[in-house]
Amino acid sequence: MTKTVNHWIGGKTVEGASGNWGPVTDPATGAVTTQVALASVDEVDAAVAAAKAAYETWGTSSLAQRTTILFRFRALLDANRDAIAELITAEHGKVHSDALGEVARGLEIVDLACGITTQLKGELSTQVSNRVDVASIRQPVGVVAGITPFNFPAMVPMWMFPLAIACGNTFVLKPSEKDPSPSLKIAELLAEAGLPDGVFNVLHGDKVAVDRLLEHPDVSAISFVGSTPIARHIHTTASANGKRVQALGGAKNHMLVLPDADLDAAADAAVSAAYGSAGERCMAISAVVAVGAIGDELVDKIRERAEKIKIGPGNDPTSEMGPLITKAHRDKVASYVHGAADQGADVVLDGTGYTVDGFEDGHWIGLSLLDKVATDSDAYRDEIFGPVLCVLRAETYEEGLAVINSSPFGNGTAIFTRDGGAARRFQLEVEAGMVGVNVPIPVPVGYHSFGGWKDSLFGDLHIYGNDGVQFYTRGKVVTTRWPDPSEGHIGVDLGFPRNH
């Protein structure tokens, strides 16, 4: 029986009224298991109205009230890790352990939000002039919206809303319509924790819902994670409508392997970072740049490891990699492998014919490894977002660095080497927002901010960490003078205020 996923507005489930529904499939079987309501403009307006009404009291609530609720939510989230992970596996397809890891990384931001009291401390300068004090404070911005992708249906929303509501804002989440159920479970847990009605709302939808959020006059800020073309559109449109925007785009993350590197460690890292989550993550390593004579040996080691990865349903404890999210996406990923040889690459592994017995209609694809890939080929230029690893060759460190810095993307990168001097030089010279040294997926912990450079980020502030707190608050400076009771009348002074 197909279940129905509706909206969460004003603290309760609200049935979809637009008449438009989207299918949600089980990627392991290909079967449609769920229908999700797709919001109309009126339904978007209702969600924003609920958030605006809630902001009147939530925006002036005490920090103690907010953090008390967030601590309760954290305990509930921790207790429901498995339940949320099961929803992720059922609709996204990733293996259960990977889904649990996603929830754990989201919990890091909840932890940060629970300590928001120290993050929101202002500054005070006393006696800047005679009996004049100046204070800098931060206040919430109002109703904020988050538009999140399919690949991390629990973690990416938790990169946004915990800090947003901890800072005193109210939140409208528009999750991916491909895997909508985790966001509803999170909404239920927030309500159980005591979050007032309307502070957190979940609105399912497609372009109609997104476009209305981008233009809605009562939405003050937009957070987005997704592909670069959509991120650029989000940033341009929302900014034109007077909103502050953080829009995180796509990636083509490189791993530079120097001749002195531990090749076994580098091969382990390349396989983990390229094929984990079936390559459906913006921090995946999708291009390895092998420097010098190590290329053949490194490719052999990657191939040996990749051939041993067990692919199967996400709810099978023996599976290490699950299916892709949809059949259309599976076919698109496969097309890059099919065309690679014609564009000069050596196809070391072709996973496009992979199937799983008993699950023949699932969105399966095996691991693909392409060697000697040209920088002008489609497999290199595009963000494939699947289990396809490209290997490029470079003669020197400088040549490898030039390849990386020539990419229009600048999300994350990594270097594998035993040479501290080379690693230090790389972290200063590479043009990317997140750098790993012998760490293949350099996703920062919650109290440092996440974000890339170039076409991987549109907007000034990265997500979560200190940047996240700044994004969800506005600065205000207050200058105060209290005259002494014994002080006489000051009189009129048309000159510029003096501080001495």
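A few points about this structure:
- To the nearest ten degrees, helix 263-275 and the longest principal axis of the Cα atoms of the chain are 70 degrees apart.
- Cα gyration tensor shape for segment 62-101, rounded if a/c is under 1.5, else prolate or oblate: prolate
- Ordering of 333-339, 275-281 by burial proxy (mean other Cβ atoms within 10 Å per residue, highest first): 275-281, 333-339
- Per-residue ellipticity at 222 nm, computed for the chain from helices alone with -39500 (n - 2.57) per DSSP H run of at least four residues, works out to -11500 deg cm²/dmol.
- Normalising the average separation of contacting C-alpha pairs (under 8 angstrom, six or more residues apart) by the number of residues puts the relative contact order of the chain at 18 percent.
- Additional length obtainable on full extension of the chain from residue 493 to residue 378, 0.36 nm per residue less Cα span: 34.5 nm
- Our coupling estimate for segment 360-371, obtained by passing each phi through the Karplus curve with A = 6.51, B = -1.76, C = 1.60 and θ = phi - 60°, is 4, 8, x, 8, 8, 7, x, 7, 10, 10, 10, 10 Hz, Gly and Pro reported as x.
- Relative contact order, percent, segment 18-173 [alpha-carbon distance under 8 Å, six or more residues apart]: 26 percent
- With only the Cα atoms considered, segment 364-500 has a convex hull volume of 251 Å³ per residue.
- Rounded tilt (10° steps) of 81-92 against the dominant C-alpha axis of the chain: 60 degrees
- Long-range Cα-Cα pairs in segment 327-369 (distance over 15 Å), rounded percent: 42 percent
- Debye-formula intensities of segment 18-127, expressed as log10 I(q)/I(0) at q = 0.20 Å⁻¹, are -1.11 (one equal scatterer per alpha-carbon, no solvent).
- Computed on segment 54-144, with alpha-carbon pairs under 8 angstrom and 6+ residues apart, the relative contact order is 28 percent.
- Rg(Cα) / (2.2 N^0.38 Å) computed for segment 107-171, rounded to two decimals: 1.54
- Anisotropy class of the chain from Cα gyration tensor, a/c 1.5 cut: oblate
- In this structure the amide hydrogen of residue 391, modeled in the peptide plane, comes within under 5 Å of the amide hydrogens of 288, 370, 371, 372, 373, none closer than 5 places in sequence on its chain.
- Candidate residues 71, 385: accessible-area rank, largest first, probe 1.4 Å: 71, 385
- Take every DSSP beta bridge whose two residues both sit in the chain; close to 40 percent of them are antiparallel.
- Two-decimal log10 I(q)/I(0) for segment 376-416, as the Debye equation yields it once each C-alpha is a single scatterer, q = 0.19, 0.32, 0.35 Å⁻¹: -0.66, -1.42, -1.38
- Shape category assigned to segment 205-299 from the gyration tensor of Cα positions, a/c cut at 1.5: prolate
- Relative to the longest principal axis of the Cα atoms of the chain, helix 295-306 runs at roughly 80 degrees.
- Taken one residue at a time, the phi angles of segment 194-206 give Karplus couplings (6.51, -1.76, 1.60, θ = phi - 60°) of x, 5, x, 4, x, 6, 10, 10, 10, 10, 8, x, 10 Hz. Gly and Pro are set to x.
The values are calculated or read from the model by the stated rules, or taken from the named source; none is laboratory data. It should be emphasised that the depicted structure is a prediction, and the values quoted were computed from it without experimental measurement. Cβ sites come from the backbone with ideal geometry, for glycine too, and all protein chains shown count toward neighbours. Ligands, DNA and RNA are stripped out before the accessible areas are found, and what is left, the full protein with its side chains, is counted by its heavy atoms. Shrake-Rupley method; radii C 1.70, N 1.55, O 1.52, S 1.80 Å.
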